Every structure is written in structure tokens, then in C-alpha cells.
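Inspection log for the structure reproduced underneath, given as C-alpha cells.
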Amino acid sequence: MSIAVKRVYEPAAKSDGYRVLVDRIWPRGLKKEDAALDIWARELAPSTALREWFGHDPARWECFRHRYAGELDARRTFWRPLVVQAERHRVTLLYGAKDEEHNQAVALKMYLDSWIKVNGCVSA
């Protein structure tokens with residue numbers, strides 16, 4: 001299993017594998033053709049209310065992760081294909097935020113890694 005996280009503004013690399021933007025809003029100043037995406041998975045982004053509440057405040061990080069995990073629990077049909085993809089190829093979750101440690105892509109990776117650890121592979 002290979003899931004990575006990368007800022008969408010960084011140049012695409014062959015090693016990124018399957019590139020998935022997990023922002024609800026398109027990143028500022030980025031042309032769609034420059035993003036080199038395989039998919040824009042808006043459905044995996046935190047709700048607008050949660051995103052606005054969090055505001056990338058590190059003091060709210062743990063609570064954000066917990067609330068976001070609750071949202072992801074209800075969106076299994078949207079993230080499960082990424083787990084299947086990650087069984088065979090590298091998946092890179094892309095985000096636009098400036099904070100490289102406290103953003104939805106990092107939280108999503110943690111959520112997926114935890115799910116995989118508990119449940120193992122999906123396609124077996």
C-alpha cells in the first residue's frame with residue numbers, strides 16, 4: 001500500500017502515481033492543465049462548515065481530524081476506490097493549503113492508513 005501527500009503547487013512527478021486533488025475549492029492561481037490530476041475528488045474534502053471552522057488552526061487539529069473522520073465514515077463509497085488503487089499503485093493526495101502538517105490531505109491519509117491497518121486489503 002502506498003499513499004503519499006503532496007502540495008498541488010509542486011511539480012508533478014512520475015513517482016506520484018495516481019494524483020488525486022482532495023480540496024473542495026480549486027486551488028488559487030493554478031490552471032487545471034498544470035495540475036496533472038487523475039481525479040478531483042471534491043467529495044472527499046471536509047464539509048464547508050468543518051473547513052471554515054478549522055481554518056488551518058493547529059490548536060484545532062485533533063478535533064478537526066476527529067470530526068473529519070466522522071464525515072469520511074459516511075463517504076466510504078468515495079474513498080474506498082482509492083484504497084483499491086493504492087493496493088496496486090502509488091496514490092498521491094494533493095492539497096492546496098500552505099500548512100503542510102495540518103490539512104485535509106494529511107488527515108485523509110491518516111484515516112486511510114488506519115483503515116487499511118485494521119481491515120487489510122480491499123480486493124482480496
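Overview of results
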quantity	calculated
Residue list for the stretch 101-124, filter: over 17 Å from R65 (Cβ atoms) and either in a helix (DSSP H, G or I) or modelled with pLDDT of 95 or more (or both)	N119
Members of the stretch 27-55 found to be within 14 Å of G96 (Cβ to Cβ) and free of Cβ contacts under 8 Å to residues at least 24 places away in the same chain, listed by number	G29, K31, K32, D34, W40, R42
Which listed residue, of A45, A59, is aliphatic (A, V, I, L, M) and under 18 Å from the mean Cα position of the chain (by Cα)	A45
Residue within the stretch 80-100 that is touching a Leu at 6+ places or on another chain (Cβ under 8 Å), modelled with pLDDT of 90 or more and among the basic types (K, R) present	no
Selection within the stretch 10-24 - touching a residue at least 40 places away in the same chain (Cβ under 8 Å) and within 20 Å of W79 (Cβ to Cβ)	D16, G17, Y18, R19, V20, L21, V22, D23
Selection within the stretch 15-40 - among the basic types (K, R) and either touching a helix residue (DSSP H, G or I) at 6+ places or on another chain (Cβ under 9 Å) or at pLDDT 95 or above (or both)	R19, R24
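The values are calculated or read from the model by the stated rules, or taken from the named source; none is laboratory data. None of the values given here were measured: they were computed from a predicted structure. Every residue, glycine as well, gets a Cβ built from its backbone with ideal geometry; the counts of neighbours run over all protein chains shown.
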